[in-house]
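This report refers to the structure that appears directly beneath it.
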Amino acid sequence: MGAVKSKRMPRAVREQQMLDAAVRTFGQRGYMAASMDEIAELAGVSKPLVYLYLNSKEDLFTACIRREAAALTAAIRVGVRTDQPADRQLWDGLLAFFTHTAQNPDGWSVLHLQARIHGEAFAGEVAAMREEIVAFVTQLIVVAAREAHRDPDLAEREVAGLAEALVGAAESLAAWANATPGVTARQAAATLMNFAWAGLGNLMEGRPWAPPAA
């Protein structure tokens, strides 16, 4: 009796199955420990087919990074309505971020943990994603600050660092939330919103904190 052949399906669908399996394996086992045999078995295909579609383990991992990065940035952009007040825009963006990372923990592990420690090329892919998110957050704060106190120069001086700090805090908090039982995406978003908005709100009202005189 011959081997049972898998049902034929479009290449794009089959490739997404492989990427699903790879993200799960890389995210849970790590890049070095993950094997192409394991990924192929989880995807329900032969290892030669994985190589045929995605060339190598390195190319497969890069494809996973790019797919997960695109999904995360799209989720944030879709979650924010730019016709809302500044605090609502920031809240919606944070909630979209934490919801996505909570619903896709393996994908977040690939982006936040695995890609950053296994080679410059992988880290560069994640850095490009992060730059896009920081630029998006920067623009949100720029618009809100200018609308709040009509100082066209304040945003340029201040918000780049604020956006970097906010994104960095969100990344760390997402990793903590995913590893801490019982912490929801909404709770994580509220934690960071409460931490960040007091400072941002004061800045937008023209009341920035200043260090004491030397």
Residue in the range 82-105 that is in contact with a Gly (Cβ under 6 Å, 6 or more places away or on another chain), modelled with pLDDT of 95 or more and open to solvent by 30 Å² or more (accessible area, probe 1.4 Å) present: no
Every pair of residues 6+ apart whose Cβ atoms lie under 8 Å, when the first sits in the range 1-27 and is more than 21 Å from ALA69 (Cβ to Cβ) while the second is modelled with pLDDT under 95 and of a type in the set (A, V, I, L, M): SER6/VAL45; ARG14/VAL45; ARG14/LEU49
Exclusive hit being aliphatic (A, V, I, L, M), within 15 Å of the chain's Cα centre (by Cα) and within 20 Å of ALA189 (Cα to Cα), set LEU94, LEU90: LEU94
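The values are calculated or read from the model by the stated rules, or taken from the named source; none is laboratory data. It should be emphasised that the depicted structure is a prediction, and the values quoted were computed from it without experimental measurement. So basically every Cβ, Gly included, is an ideal-geometry build from the backbone, and we count neighbours across all protein chains shown. Only protein heavy atoms, including side chains, enter the accessible area calculation; ligands, DNA and RNA are left aside. Shrake-Rupley method; radii C 1.70, N 1.55, O 1.52, S 1.80 Å.
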